[in-house]
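Take a look at the structure below.
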Amino acid sequence: MRLLDRLSTPWHVLAKEISAFGVVGVINLFVDVGLFNLLHFRLGLGPATSNILSAGVATTISYFANRHWSFSHRARTGLRREYSLFILINLLALGISSVVIAFTYYVVGATDPFALNVAKVVGIGIGTVFRFWAYKRYVFPPPRPRRRRSRPGRSAPATGRGRCCRRRC
């Protein structure tokens, strides 16, 4: 029996979520780092401003890719709610990334492109673990199990306690 056949459905779902999340993340890593480099090194914006703008663009792309691919099987709780939480979580992760970049630039004094790109990737890496957990927990919750309803005209089964219509209690 193959290993994948032995894995239960939750493991298949988790593997799908992680792999799709990873692909979306890699694509947006290139968007984020590429745009950061364009804004800072070509257009002359400051490192923090470049980081915020590049992360904002990558975040929007990431929301739609994760909603419609990585977590497509999860409950849909409304665009406004999901996107608001997604932005909030990404702002927290952006804070992580910005602290790493600011520390590298202002405290360590490393201002060359290599050092800032390493800081950018390290900040994104730390934020990625936080994002995956938070997306699953808050933004894209699992679907709620449906309650079984009794059909109209049928009575609920007797519980064995108290009085019932057939006096078997």
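The values are calculated or read from the model by the stated rules, or taken from the named source; none is laboratory data. Note that the structure is a prediction, hence the values are computed from the model and not measured. Note that we place each Cβ from the backbone using ideal geometry, even for glycine, and neighbour counts take in every protein chain shown.
Only residues that are under 30 Å from Val107 (Cα atoms), modelled with pLDDT of 90 or more and surrounded by fewer than 21 Cβ atoms within 10 Å (Cβ to Cβ) were counted in region 54-73, giving 1. The sole residue among Thr104, Thr128 that is closer than 14 Å to Asn51 by Cβ and either among the hydroxyl-bearing types (Ser, Thr, Tyr) or modelled with pLDDT of 90 or more (or both) is Thr104. Within the set Ala93, Ala102, Ala58, Ala75, the sole residue that is among the small types (Gly, Ala, Ser) and not in a helix (DSSP H, G or I) turns out to be Ala75. Would you confirm whether any residue within region 97-104 is touching a residue at least 40 places away in the same chain (Cβ under 8 Å) and under 21 Å from Tyr135 (Cβ atoms)? The answer is yes; a qualifying residue exists. All told, Trp11 meets the bar of being part of a helix (DSSP H, G or I), more than 18 Å from Thr128 (Cβ to Cβ) and not polar (S, T, N, Q).
Annotation: of all residues in region 95-121 being aromatic (Phe, Trp, Tyr) and farther than 18 Å from Gly34 by Cβ, the one that is farthest from the chain's Cα centre (by Cα) is Tyr106. If you filter region 36-53 down to residues that are within 26 Å of the chain's Cα centre (by Cα) and farther than 17 Å from Phe114 by Cβ, you find that the one that is surrounded by the fewest Cβ atoms within 10 Å (Cβ to Cβ) is Thr49. Residues that are touching a helix residue (DSSP H, G or I) at 6+ places or on another chain (Cβ under 8 Å) and surrounded by fewer than 16 Cβ atoms within 10 Å (Cβ to Cβ) within region 74-86 comprise just one, Arg76. Residues in region 61-80 that are touching a residue at least 60 places away in the same chain (Cβ under 8 Å) and either farther than 15 Å from Asn28 by Cα or acidic (Asp, Glu) (or both): Phe71, His73, Arg74, Ala75, Thr77.
When Leu35, Leu53 are checked against the criterion of being within 19 Å of Ser84 (Cα to Cα) and assigned to a helix (DSSP H, G or I), Leu53 stands alone in meeting it.
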